[in-house]
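For reference, the structure is listed below as structure tokens.
Computed from the coordinates by the stated procedures, all read-outs in this text should not be read as laboratory data. Because the structure is predicted, anything quoted here is derived from the model rather than measured. So basically every Cβ, Gly included, is an ideal-geometry build from the backbone, and we count neighbours across all protein chains shown.
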Amino acid sequence: MENKTIYTLPMFSSLLSELPQITFSGTTICINLKGYDYDDIYSEVELIFQEVHYFSKVNALFSVNTIEAYDKVLEIFNSSIILQLMEANRNLFEEMNKRQKLKHYSLYLDGYDGYNIVCKSIEIKEL
């Protein structure tokens, strides 16, 4: 499994000031994070995943090889999840990919959870 770092959080997930806030609206999922870095600088970030086709949350302690993903949004290439979606409905999958390819993103928060999202795109807002 190949990975590419898309974004590194400006705060450490071990220093979040409140629980991650996850909101669902239609096919959009937003993850809001608020916290501090080691210099006590406060940051807020909103990760907006658009046209979501798969979302999973797992206790990070039960995930294999997740250390690379802590406090980062990774794009996962050669994703087994995308392969499973394709095998479940090949015709629909091929039709969706004609417009824009699905991408698999992964995020792990220390002391919280891990998230896997398959969607069309991501928008990142530093608030």
Please give the calculated 222 nm ellipticity per residue for the chain, where each DSSP H segment of at least 4 residues contributes -39500 (n - 2.57) and the sum is spread over every residue; nearest 500 deg cm²/dmol? -4500 deg cm²/dmol
For the range 2-126, divide the Cα radius of gyration by the Kirkwood radius and give the resulting Rg/Rh value with two decimals. 0.99
Set the Förster distance to 30 Å, then compute FRET efficiency between residue 46 and residue 95 from the Cβ-Cβ distance, nearest 0.05. 0.50
Please quote Rg/Rh for the range 78-117 to two decimal places, taking the Kirkwood radius as Rh and restricting both calculations to Cα atoms. 1.11
Against the longest principal axis of the chain, how steep is helix 90-99, in degrees 0 to 90 to the nearest 10, with axes from Cα atoms? 60
